[in-house]
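Undergrad: Handing you a structure now.
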């Protein structure tokens, strides 16, 4: 029987992960043990390490709704490569394939218990387990671990960073405490995270009619979102940030003019009617597409933000 005191596997597979064009850094495949419906769940993860003995700051990257398989957006790998090049250890766990969704959940039409195992509140537990995996690596500075994700991963970042009890967290696994900073790219801010929630026209979908409470993060949080995002609207994130700032919490948002959802992608904008989208009256349809100007600025925003909270503070010790 596994102990939840160490809710992770620290052994590396002997073989390195297959080479990927979007991850030039030598990546190893490791196993992070999280949970599914309260039971242990092994998740494959890509581990990227800079040259040298460390100790290094680290970042957990949580992928978007397209997952890490053949239909992946590729964004987690691109960000992982950038961050490894900046001197961070990077860990990218796969939350979907082990739970039966190798092609992601962007177009899934079914609902029910199986799909709920992939919701951001459940994936936050994956992020906690990944953080603790990194803490047990001798070359990682366990006090300076951040989290980052886009879209579904951005929502997972909000769920992992919120100062509130996650009912899916098993005994012995700490929750958001321990993340020193977080960056959420185009997250679903119109959802419930601790004390923050929204009302919608049709209960679980449609336009947001009111905003309730305050989002309270455990550490500084940066949100980057496109002005034209019709999947996770920028206005929701502006409202979340304003309420948090008014209450004294370190949440900031930058909205990119003219940018769509997935502005950090490398594909042209396109609308797909089958995409699951709670912000549409019928719950379907969304536009995604890269924006070179927003992508370029986002790289600098991410570098600066993580350097401030994961590197500069480390240097002061």
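All of the numbers you see were taken from the coordinates with simple rules; none came from a lab. Source: prediction; values computed, not measured. Neighbour counts are summed over all protein chains in view; Cβ atoms, including those assigned to glycine, are modelled from backbone coordinates with ideal geometry.
Undergrad: Helix-only estimate, please: 222 nm mean residue ellipticity of the chain, summing -39500 (n - 2.57) across DSSP H runs of length 4 or more and dividing by its residues, to the nearest 500.
TA: Details: 7 runs with 73 residues, N = 317.
After summing the helix terms and dividing by the residues of the chain, the value is -7000 deg cm²/dmol.
Undergrad: Ok, one more. Tell me the angle of helix 292-306 to the major Cα principal axis of the chain, expressed in degrees between 0 and 90 and rounded to the nearest ten.
TA: Approximately 50 degrees, to the nearest 10.
Undergrad: Given R₀ = 30 Å, FRET efficiency for residue 299-residue 163 by Cβ-Cβ distance, to 0.05? Intermediate results must be reported in sequence, preceding the final value.
TA: Working: r = 29 Å, r/R0 = 0.96.
With a Förster radius of 30 Å, E is 0.55.
Undergrad: Still on this structure, please answer the following. Where does each of 228-240, 170-182 land if you order them by average Cβ count within 10 Å, highest first? The partial results should precede the final answer.
TA: Numbers: 228-240: 21.8, 170-182: 18.5.
Averaged packing, sorted descending, gives the order 228-240, 170-182.
Undergrad: Ok, one more. Please report the base-10 log of the normalised intensity I(q)/I(0) for the chain, using a Debye sum with one equal scatterer per alpha carbon and no solvent, at each q in 0.07, 0.08, 0.12 (1/Å).
TA: -0.24, -0.31, -0.74
Undergrad: Test of understanding: in a Gaussian network model of the chain with alpha carbons linked when under 10 Å, which of 71, 123, 284 would top the mean-square fluctuation ranking?
TA: Result for the chain, Cα springs under 10 Å: 71 fluctuates most.
Undergrad: Post the alpha-carbon centroid distance, the stretch 146-200 to the stretch 219-287, in whole angstrom.
TA: 15
Undergrad: Build a GNM of the chain with springs between Cα atoms under 10 Å: which of 148, 161, 280 gets the top mean-square fluctuation?
TA: Largest GNM mean-square fluctuation: 280.
Undergrad: Write down the radius of gyration of the stretch 102-233 and its Dmax, each obtained from C-alpha positions, in Å.
TA: 15.3, 50
Undergrad: Could you pull the Rg and Dmax for the stretch 142-192, using just the Cα atoms, both in Å?
TA: Both quantities, over Cα of the stretch 142-192: 11.2, 31 Å.
Undergrad: I need 186, 133, 139 ordered by Cβ neighbour count within 10 Å, fewest first.
TA: On the way: 186 31, 133 27, 139 14.
Fewest-to-most Cβ neighbours within 10 Å comes out as 139, 133, 186.
Undergrad: To test your reading of the geometry: what angle, between 0 and 90 degrees and rounded to tens, separates the Cα axis of helix 152-161 from the longest principal axis of the chain?
TA: Orientation of helix 152-161: about 70 degrees from the principal axis.
Undergrad: Separate question: Once both labels are modelled 7 Å past Cα along the beta-carbon direction, what's the residue 227-residue 103 spacing in nm?
TA: Inter-label distance under the simple model: 3.6 nm.
Undergrad: Test of understanding: ordering 136, 152, 144 by Cβ neighbours within 10 Å, fewest first, what list do you get?
TA: On the way: 136 12, 152 28, 144 23.
By the 10 Å Cβ count, ascending: 136, 144, 152.
Undergrad: What residue among 191, 129, 159 shows peak mean-square fluctuation when the chain is described by a Gaussian network model with Cα springs under 10 Å?
TA: 191
Undergrad: With everything on Cα atoms, drop me the angle between helix 120-135 and the longest principal axis of the chain, reported from 0 to 90° to the nearest 10.
TA: With both axes taken from Cα atoms, the answer is about 20 degrees.
Undergrad: At 7 Å along the Cα-to-beta-carbon direction for both residue 254 and residue 195, put a label point, then send me their distance in nm to one decimal.
TA: In this crude spin-label approximation the distance works out to 2.8 nm.
Undergrad: Test of understanding: ordering 65, 189 by Cβ neighbours within 10 Å, fewest first, what list do you get? It would help to have the intermediate numbers written out before the result.
TA: Details: 65 22, 189 28.
Going from least to most buried by this count: 65, 189.
Undergrad: Shifting gears a bit: If the chain between residue 205 and residue 139 were fully stretched, how many nm would it gain, using 0.36 nm times the residue separation less the Cα-Cα distance? The partial results should precede the final answer.
TA: Details: separation 66, 0.36 × 66 = 23.76 nm, distance 4.46 nm.
Once the chain is fully extended between residue 205 and residue 139, it gains 19.3 nm.
Undergrad: At q = 0.11, 0.21 Å⁻¹, what is the base-10 log of I(q)/I(0) for the stretch 180-317 according to the Debye formula with one equal point scatterer per Cα and no solvent? Please give it to two decimals.
TA: One equal scatterer on each Cα of the stretch 180-317 leads to -0.43, -1.26.
Undergrad: Provide the FRET efficiency to the nearest 0.05 for the residue 282-residue 246 pair, computing r from the beta carbons and using R0 = 35 Å. Write down the numbers at each step before the final one.
TA: On the way: r = 34 Å, r/R0 = 0.97.
For R0 = 35 Å, the calculated efficiency reads 0.55.
Undergrad: Additional query: Would you please give the FRET efficiency between residue 31 and residue 110, computed as 1/(1 + (r/R0)^6) with r the Cβ-Cβ distance and R0 = 30 Å, to the nearest 0.05?
TA: Values: r = 28 Å, r/R0 = 0.93.
Efficiency computed from Cβ-Cβ geometry: 0.60.
Undergrad: Between residue 308 and residue 270, 0.36 nm times their residue separation minus their Cα-Cα distance comes to what? The partial results should precede the final answer.
TA: Details: separation 38, 0.36 × 38 = 13.68 nm, distance 3.53 nm.
So the extension gain works out to 10.1 nm.
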